[in-house]
Amino acid sequence: MSNDFPDWHGTTILAVRKGGKTVVAGDGQVSMGQTVVKGTAKKVRTLAGGRVIAGFAGSTADAFTLIERLEAKLEQYPEQLARACVDLAKDWRTDRYLRRLEAMLIVADRDQILTVTGAGDVLEPEHGVAAIGSGGNYALAAARALVDADGVDAEAVARKAMAIAAEICVYTNDSLTLETLG
């Protein structure tokens, strides 16, 4: 089967919990092949009246579909982020339409960070740090190195880790969207 769609790349989403704060950061770059199509995309959103933050990597339309579904699950299970995410992952894995969606989510509230995938995974990271996307591993490594430093809060860790990822990953830029809880 040939792929008639352009080769879209480029997202780094990072979540950091430290000192009672949760920060989700996303870069703004969207690329098609070797061309930057947009440098200021907003890939991080607040949900549930500002109590939940979600960041997405992958197909934008697919991610928006998943975020809409997640919002419905959060209404169904208020104050139960893990249950809403597990229910979303179950639907995503078993529903014929949703199964074809190509995206990943990082979802966070004041108490937890979760990575949600179409494979049915709902993972809570160790060390209070999670990342997805093309520059995710770079941002994750940088944040893990920084998160235990004294005098550095969650936002500073996220900003520095995203800057490091932007220096290494050609599909990541330094135009950040940050959302904070706590």
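Would you grab the residues whose amide H sits under 5 Å from the one on THR11? Only those 5+ places off in sequence or on another chain, please, with H modelled 1.01 Å from N. For THR11, the qualifying residues are SER134, GLY135. In terms of packing, defined here as the mean over residues of other Cβ atoms within 10 angstrom, the peptides 23-29, 72-78 line up highest first as 23-29, 72-78.
Taking the stretch 8-181 as the region of interest, the number of lysine pairs whose Cα atoms are within less than 30 Å, with members eight or more places apart or on different chains, is 19. Phi angles across the stretch 174-180 convert, under the Karplus curve 6.51 cos²θ - 1.76 cosθ + 1.60 with θ = phi - 60°, into 3J(HN,Hα) values of 9, 8, 9, 10, 10, 10, 10 Hz, Gly and Pro given as x.
Take ASP111, project a point 7 Å from its Cα along the Cβ direction, then tell me which residues of the stretch 67-81 have their backbone nitrogen under 11 Å from it. So the set is 79-81. Converting the Cα gyration tensor eigenvalues of the stretch 1-118 into ellipsoid dimensions via √(5λ) gives semi-axes, longest first, of 25, 19, 10 Å.
We did not get these values from a lab; they are worked out from the coordinates using the rules stated. Please read these numbers as outputs of a predicted model, since none were measured by experiment. Cβ: placed from backbone, ideal geometry, glycine included. Neighbour counts: every protein chain shown.
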